[in-house]
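Scroll down for the structure; my scribbles are underneath it.
The values are calculated or read from the model by the stated rules, or taken from the named source; none is laboratory data. All values reported here derive from a predicted model rather than from experimental measurement. Cβ placement follows ideal geometry from the backbone for every residue including glycine, while neighbour counts extend to all protein chains displayed. What goes into the accessible areas is simple: the full protein's heavy atoms, side chains included, and nothing from ligands, DNA or RNA. Shrake-Rupley method; radii C 1.70, N 1.55, O 1.52, S 1.80 Å.
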Amino acid sequence: MTANPLLTDWKTPFELPPFDAIKPEHFKQAFDVTMAEARTEIDAIAAAPDSPTFDNTIRALEASGERLGRTARTFYNLTGAHTNPDIQAIERELAPKFAKHSSETFQNEALFNRIAALWARKGDLGLDEEEARVLERYHTMFQRAGAGLKQAGKERMAEISQRLASLGTQFAQNMLKDEADFQLVLENEEDLAGLPDFLVAAASEAAKERGLEGKYVITLSRSSIEPFLQFSSNRALREAAFQGWTSRGEGGADTDNRDIVAETIALRAEKAKLLGFESFAHFKLDDTMAKTPEAVRDLLTKVWTPALSQAKAEEEKLSEMARAEGENFKIAPWDWRYYSEKVRKAEYDLDEAELKPYLQLENIIEAAFDTASRLFGLSFEELKGMPVYHPDVRVFEVKDRNGRHVGLFLGDYFARASKRSGAWMSAFRSQHRLNGDISPIIVNVLNFAKGAPGEATLLTFDDARTLFHEFGHALHGLLSNVTYPIISGTGVARDFVELPSQLYEHWLSRPEVLSRFAVHYRTGEPMPQALLDKVLAAENFNQGFATVEYTACALIDLEMHLMPEGAKLDVAEYEKTQLAALDMPAAITMRHRVPHFAHAFAGDGYSAGYYSYMWSEVMDADAFGAFEEKGDIFDAETAEKLYTHIYSAGGRPDPEETYKAFRGRAPRIDALLEKRGLAA
């Protein structure tokens, strides 16, 4: 019998997962074996006869379950980026098992007693800054998992965790099925009216992939649906596309997520109460920079008020444009992007179709790499013939300014039916020095519409910004310089983790970058200065809309998770009522409506935490000012401080203190309001 590749030593270059040898059926055996191994290791730590020390307890926990972690990282990267029915079946079966394994660890009384004993005398242990932080994280995690509860409470916590894991998995799989099943087929000139060449070419390619040669398909990938809503002059088709996009997760059939959301909210509220918190939001925020729901609401409200006012003014301009074209209907959500594009053309003489030929995917990747080179001295060399999980995936070796290996960067850029929507960074291996100098293997997963064979893939400016955003996360993982895996790279507070990514976006829109990398895909000519000037002048165009659609999500996420235990949730009615209370314009929908709000319900990563993007934006808008004040966006001294205090520090320092160490003071909200064009 052939050995299970997940249970062997990996002899691949850089110890990449041997994707060519891994089959879905290997995962079940590998998880059974490695979970049992990890349980044995953890139980041995808990039962150790020696008095607890940092090394025999905390460091030992950090070193435990290595093969389980390796298997899990490989598997869960595939569930998001390249899944199939066999992997999905394993994922559903595995979710409660993993939750049970976690509960058995974090509710192990003997183990918690060892950690609590260390915590009680932490000042006498002679720990350095990083060790003290790691001890604090373990003590906090065990407490928040119910380690201090009585037996009945522990059992109920374990039941809740297992059920939530299953619900989150089902939510994500339902979304993926709705997205994969949707296709808007365009067949004739009337259907294609208004669409630029790049979108027609991408739609043709999408149709070929679906066996519809000679036709055109719009998918629910943002790189397909958003340009269609921008340019299609066929209002009925815009409405059909928009309804398909915004009704994911509420079709009334097997993939309807509304009952999942209601049960998830109820279980989270019960969990919070068991742990002594007023609500799940109070529980979740207690371990963040924000600390309280009141602090989050205060920030969001300060932004919501001017954004709402601006969005209403923007809507009036759209109505005027529609009337000028002889239309007399009220602007609907499927009209906003279409007429917004026309208003931008009228006000700035700029449209996406004019801009997009200058934004080739290949050049924007190069721009992201070059920015990292100028800031941090990194170089990137593409490696061919590496084991990858899909032919589209590209592998780059990353080296520092002295030519030393830093890690691997994988880029997975194109949309496909086996990939969930959105964009994210993940790790196949995190940097640490626990057992030797372990280098990171980091992946960016995006969903761009692929160009026709032999043609360049062209991006919208939002696409390009997304690439820079995710690469900022990737750098946070690649540049990590810590000893312990738990605080490696993005192992930081949720409302701090978006700082490195959102800060990196600032370099994209600077002339120093655009003038070099924004070149026409056919002629090779650089973007004309006049066009570049228009791009920069229009940077805050439509910011009322963008801020309102995001902030509405963040506010509703917060309010849902403030619901008390036992409250009954009618998802559709709740969303409607909350939006009405916010005075949400009818022409704008939430960026993520609740039935497909994956940030909050496909797991609990951003639950009661969607505000984090705005919290981090207060910092990133202010942080970029450090470079502007030097008069050089690549100032070496400032870049070194950025590396030391933000990108390489992982979760070692307190986030508030490390920001101050970089900037010299706390962040100011004024920079955010000015960046979004919302300052009074």
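Some points to look at:
- Hits in region 91-109 - residues which are farther than 17 Å from Gly153 by Cα and either open to solvent by 30 Å² or more (accessible area, probe 1.4 Å) or among the polar types (S, T, N, Q) (or both): Arg92, Glu93, Pro96, Lys97, Phe98
- Top-ranked residue in region 69-128 [being out of contact with any helix residue (DSSP H, G or I) (no Cβ under 9 Å at 6 or more places or on another chain) and basic (Lys, Arg); ranked as nearest to Gln431 (Cα to Cα)]: Arg73
- Residue satisfying all of: in region 205-248; open to solvent by 40 Å² or more (accessible area, probe 1.4 Å) and of a type in the set (Gly, Ala, Ser); farthest from the chain's Cα centre (by Cα) among these: Gly214
- Out of Ser515, Ser509, one residue alone is at pLDDT below 95 and open to solvent by 50 Å² or more (accessible area, probe 1.4 Å). It is Ser515.
- Of everything in region 285-303 that is assigned to a helix (DSSP H, G or I) and either touching an Asp or Glu at 6+ places or on another chain (Cβ under 8 Å) or open to solvent by less than 20 Å² (accessible area, probe 1.4 Å) (or both), the residue that is nearest to Met141 (Cα to Cα) is Leu285.
- Taking the criterion of being within 14 Å of Phe98 (Cα to Cα) and surrounded by fewer than 19 Cβ atoms within 10 Å (Cβ to Cβ), the only residue of region 146-161 that qualifies is Glu159.
- Ala353 being surrounded by 21 or more Cβ atoms within 10 Å (Cβ to Cβ), among the small types (Gly, Ala, Ser) and touching a residue at least 24 places away in the same chain (Cβ under 8 Å): no
- Against the list (1) among the polar types (S, T, N, Q); (2) open to solvent by 30 Å² or more (accessible area, probe 1.4 Å); (3) farther than 21 Å from Leu111 by Cα; (4) at pLDDT 95 or above, the condition Thr71 fails is (2).
- Leading residue by the ranking (nearest to the chain's Cα centre (by Cα)) among those in region 343-353 that are part of a helix (DSSP H, G or I) and farther than 13 Å from Pro227 by Cα: Arg344
- Contacts under 9 angstrom Cβ, first residue in region 609-638 being in contact (Cβ under 8 Å) with a residue 60 or more places away in the chain and open to solvent by 30 Å² or more (accessible area, probe 1.4 Å), partner of a type in the set (Asp, Glu) and in a helix (DSSP H, G or I), 6 or more apart: Tyr613/Glu498; Trp615/Glu498
- For region 530-572, the set of residues classified as under 26 Å from Leu672 (Cα atoms) and among the basic types (Lys, Arg) consists of Lys534 only.
- Search result, residues across region 318-331 that are surrounded by 14 or more Cβ atoms within 10 Å (Cβ to Cβ) and either aliphatic (A, V, I, L, M) or on the phi > 0 side of the Ramachandran plot (or both): Leu318, Met321, Ala322, Ile331
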